[in-house]
Structure formats: structure tokens, C-alpha cells
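What follows is a short report on a single structure.
Bear in mind these aren't lab numbers, they're just calculated from the coordinates by the rules spelled out. Just so it is clear, the model here is predicted, and its values are computed rather than measured. Positions of Cβ are generated from backbone atoms using ideal geometry, with glycine treated the same way; all protein chains shown enter the neighbour counts.
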Amino acid sequence: VECLDGLRGVAALWVLIGHMMILTGFRLPLIGKPDLGVDLFILLSGFLMMYQYRLRAGSEDWDAAGTWASFWTRRFFRLAPLFYVALAAALIAGPLIYADRVAIDSFLGQSLQPSERYTDGSLANIALHLSFLFGLLPDYAFRTPLPDWSLGLEMQFYLLFPFLILLGRRIGWVPAALVAAGGGVVVALLAGAAGLDYPMPSFLPLKLQLFLAGMLIATDPGESQPRQWSRLAAAMLLAAIPIGGDQDLLHFAVRELLVFGFFALVHWRSLGVIGWVSRLLGSRPFYWLGELSYGTYLLHLLILQPVAAAVIGEFGTGLGGAGRFALTGAIVVPVTYALAFVTYKLVELPGQKLGKAVIRRVAGDRTPRALQTAPEKIAAP
């Protein structure tokens, strides 16, 4: 799917630009909503997991516990190595970054962030983040300088994914998605009734519908057109479920457009402008934006907040919002992508190799050769 890498890159850049706008006081509609970039990541993640399942269907037995273990191992080693490096940096630099954030919020007249989000070095906070369990607990779901709430969310989806596969194979993919989404809504409502107030939608039932919508977009190319249309309709219905994040008209419309547009890029890429956009997103520059998307997403706030604070401290009201945004971006964007490239080479790729080595050691010759060497992609941050 040639557009996939480019869309990953666009999603990461969307989040980066949106956060730059928030932290410099320069706002534009749509692009200034980084949460919508995360929603795109979530759609891509659901699609990618289902797409890889279909590619490996002939060589993986999803009724076997070993397949589940290999899947979870691959996904852990795709996310964890860079996250652990970034987490260490965030915990060390947290108090300094908090001082920068206070300066930014005070200048822009925004509500101050809770200090514990930046300064909590407790063993409980560290243990919950190392285990990726932090997203389940409202008090710890948003408690580092990183935008890592979505990583805990992603890990919850990975944990659930094999069960979704079994359900889909038993009752069909669209019914399974609707049943799972309905269950997610019930759990989310019960959590709200129990007083669980998540500062970010880090609890899987709050965003499960978007993962499921992405899974439905990964249809079998051999399916009939009516079946594909039914999947698109179901995916758009799922994206319209009003839980998890902002639910105003803009967010509703953009989520629907993201689902429809992604479906078009996957299934109608032979058509005119859609094909041109798909090829553009599959070009070499967009490929690299996609490869660096995880590092860009995870690391950018560690760079952005000190730089934005420095720009504000140096120029104050002498520089307008657009000027602050431009100057901050001129520093943050190249530095972030350079750091993402370095960590991609030194952390992400070795981490993936380590994960494959662990699988080979445990599974031995039972692991198909194609799976031992296949690159691991990540969509959602």
C-alpha cells in the first residue's frame, strides 16, 4: 500500500505543527488540532495490523498460542526501545521542561499544567510506564513530558488484537467490529459512571472504534464491490461514535473524511487524482517522513517546549504569534527530524532486530523465514 508511509509521516507532522501552534499562540483551523493527527495514526494502526494479518495468513496459525506470543513480541520491540530511551530523557529533564512550560503558559495566558506531569519520578510512575500499564489509570495516563498516552493505548490494542481476529473469523469482520465497538462503548460508559476521568483518551474503549474502522479498511482486494462498500459504511459509522476526545462538528467531519479518504487511497488508487496522491505519498521523501514518524512523534515535545520558551523569553510581545511559530519551527523541525533519524538508526532498527532474535530463539525453526526478516511497521504512536 504505497500511501501508508506517507500518511504516517503526515500524521506525525500534523501533531508536531499542531503542538507548535499551541505553544506559540499561533492558531489555524484544522492543522492546529494535533489530536486529529493522532486519530489518523490510530486508523493507520488498525489498518496495518489487519493488513499484516492478511499478508501472513498463510504462514501464521492464529489458533496457536505461539503466534500470539510472536505478535506481541514483535510489537513490544517495535515500540519499547525508543520509548524507554525517551522516557529516561523525559524523567531526567522533566523539572527543566516544566519550568519552560510554565513560562509558555504564563505568557500565553493558558492554564498551567499540573507539575506532577513533568516532575513525577516515583517508582510507581516509572513502573507503570515501563510496563505500558499507565494508560489504564487516569492519574498516570498523562504523567510525563512525552505525548506517550497514545503508546499505552496502542499497547492495549495490540493485546486485544488476537481476540479480535478470532472473533472476526468466527462471525465476520463487520459484525465483529460492531460487536467490539458496542462492547467498548459500554465499558467506556461504565468507566465514566465509576468516576474514571481520563485527561487524554488513553483507555482503549475510548478509541477502539477508530482502530476497528482502520481494520475494516484493510479489506480483501478480491471482495465484491458491495462488500467493500458495506465495510466503508461500517467504518464511517464506527468513526462517528461520539466518545474519546473532542466531539464538536469539526472533529466529527474530519474523522469521517479521514476514513473515507484513507479508504479511497487504498481501494481507488487507480483513479485519476486519487492515484496521483497515492503515488506522491509513496514517494521517497514521504517514505522517509513515515520511517521517522515514530521518533518525530515521541521526541518532539522534548525539543519544542524549551525552544518555544526560549523564543518567548527572548522576544516576548515584540514578536507576534506567526513570528513565534515561524522562528520556533525553523529550529524545532530540523532538530526533531535529525534526532528522529539518529534514534531510528541507533535505537529503532536494533530494537526490531532484537525482537526478531528473541522470536527466533524461542520459536526456532518454527518461525517462517519471511517473518524472521520482514520489516516491522508502526502506525500509531
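Using a 10 Å cut-off on Cβ atoms, rank the peptides 301-314, 165-178 from the highest mean neighbour count down.
Descending mean neighbour count gives 301-314, 165-178.
If the cut-off is a Cα-Cα distance under 16 Å, which aspartates and glutamates reach LYS33, setting aside same-chain residues fewer than 8 apart in sequence?
Result set, ordered by chain and number: ASP246, ASP248, GLU256.
Please state the charge dipole magnitude for region 205-349, taken about the Cα centre, from unit charges on C-beta atoms (+1 on K and R, -1 on D and E), reported in debye and rounded to the nearest 20.
Here the size comes out at about 260 debye.
Summing Lys, Arg as +1 and Asp, Glu as -1, what charge do residues with Cβ under 14 Å from the Cβ of ALA99 carry, ALA99 excluded?
With Lys, Arg at +1 and Asp, Glu at -1, the net is 0.
Fewest to most neighbouring Cβ within 10 Å: what's the order for ASP5, ASP63, ASP105?
ASP63, ASP105, ASP5
Can you give the extra length, in nm with one decimal, that the chain gains between ASP248 and ASP35 once fully stretched, where that is 0.36 nm per residue apart less the Cα-Cα distance?
Gain on stretching ASP248 to ASP35: 75.4 nm.
Under 13 Å Cα to Cα from LYS353, which aspartates and glutamates show up? Leave out anything in the same chain fewer than 8 places away.
Straight-line reach from LYS353, under 13 Å: GLU376.
Is region 1-155 best put as rounded, prolate or oblate by its Cα gyration tensor, with a ≥ b ≥ c the root eigenvalues, rounded for a/c under 1.5, and otherwise prolate when a/b is larger than b/c, oblate when not?
oblate
Roughly how many nanometres apart are two label points built 7 Å out from the Cα toward the Cβ at PHE163 and GLN113?
Calculated label separation equals 3.3 nm.
What does the extension gain come out to for PHE260 and ILE331, with contour length at 0.36 nm per residue minus their alpha carbon separation?
Separation in residues times 0.36 nm, less the Cα-Cα distance, equals 22.1 nm.
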